[in-house]
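Following: one structure in structure tokens, then a few remarks.
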Amino acid sequence: MIISNRRITGLAVGVVAELVEEIGPLWQERHQARLTSRPRKWAVGAGARHWLVFVDRLLATLVHLRQGVTHDVLACWFGVDRSTITRAVGEVRPLLAERGCTVSPDVQLRTLTDAVDHLGASGTTGIIDGTDIRVRRPTAGRKDRDKFISGKNKQNAVKSVVVTNAECRVLWCSPARPASCADITHARQLGLVKLLADGPAVEIFADAGYQGLGAQTGGRVVTPPHRKFKKSAPDW
């Protein structure tokens, strides 16, 4: 079964059960709110029943996020129409994003500010990097179609910025945006420079794609030195 195979979802059965218990009622509440907020030809509760219960919707979303499986493949796995999977992923993903990352029973991180403050409070080193996720080519006629082409991977993709601690425990993941955006530009647009310059004293490791943030944050972002600094490195 999908729920019992950690290699498929990336999560233990107990964690999936916690997600069902935590966000299941919220999904049901929002679903009922959508039903009652629009004009209806039938009474609430009438009509066809969901082929996918919430647990299946959650599992389909987790597999999609973990493996990058297309909605068509998931539809075959769960025996439903592709539109049902698309609707399920569209409903569950925002709930997972709002929940954030739980790093301990009493610490839940929902924003980049929360992640930076947690690193400062715990005195641990952070790691930041961007990740490209391949997507279908946007439809013809879309104005920003070319922005999805990743210059590094030469494919259509979206990009997210991920912040972890030194043990690679995920603390925060940014919303996805077209992959043509450079890693350092994405980090600046997320407000990382201001958070590090005005926030707690933390040290964050990054790759060469973030060269330049060290100078803007007083050395709080540590990157491989630029070739022009090999002989005379600046103080930061």
Is there a residue being more than 23 Å from Ala157 (Cβ to Cβ), in contact with a Phe, Trp or Tyr (Cβ under 7 Å, 6 or more places away or on another chain), open to solvent by less than 10 Å² (accessible area, probe 1.4 Å) and among the aliphatic types (A, V, I, L, M) anywhere in the range 74-95?
-> yes
Given (1) open to solvent by 60 Å² or more (accessible area, probe 1.4 Å); (2) touching an Asp or Glu at 6+ places or on another chain (Cβ under 7 Å); (3) closer than 22 Å to Thr111 by Cβ, where does Pro200 come up short, assuming only one miss?
-> (1)
Is it fair to say Lys152 is basic (Lys, Arg), open to solvent by 80 Å² or more (accessible area, probe 1.4 Å) and assigned to a loop (DSSP other than H, G, I, E, B)?
-> yes
Scanning for something over 18 Å from Pro200 (Cα atoms), touching a residue at least 24 places away in the same chain (Cβ under 8 Å) and either aromatic (Phe, Trp, Tyr) or out of contact with any Lys or Arg (no Cβ under 7 Å at 6 or more places or on another chain) (or both), does the range 111-130 turn up at least one residue?
-> yes
Every listed condition ((1) modelled with pLDDT of 90 or more; (2) touching a Ser or Thr at 6+ places or on another chain (Cβ under 9 Å); (3) not hydrophobic (A, V, I, L, M, F, W, C)) holds for Glu18 save (1)
Can we say Gln211 is farther than 13 Å from Gly130 by Cβ and within 24 Å of the chain's Cα centre (by Cα)?
-> yes
What number of residues in the range 161-194 are under 11 Å from Ala115 (Cβ atoms) and open to solvent by less than 40 Å² (accessible area, probe 1.4 Å)?
-> 9
For Glu167, the lone unmet condition from (1) of a type outside the set (A, V, I, L, M, F, W, C); (2) in contact (Cβ under 8 Å) with a residue 40 or more places away in the chain; (3) over 21 Å from Gly218 (Cα atoms) is (2)
Selected residue [out of contact with any His (no Cβ under 6 Å at 6 or more places or on another chain) and either open to solvent by less than 30 Å² (accessible area, probe 1.4 Å) or of a type in the set (A, V, I, L, M) (or both)] from Thr61, Thr36 = Thr61
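The values are calculated or read from the model by the stated rules, or taken from the named source; none is laboratory data. Bear in mind the structure is a predicted one, so any value in this text is a computation, not a measurement. All Cβ positions, even for glycine, are placed from backbone atoms using ideal geometry, and neighbour counts span all protein chains on display. Areas reflect the complete protein model, heavy atoms only, side chains present, ligands, DNA and RNA absent. Shrake-Rupley method; radii C 1.70, N 1.55, O 1.52, S 1.80 Å.
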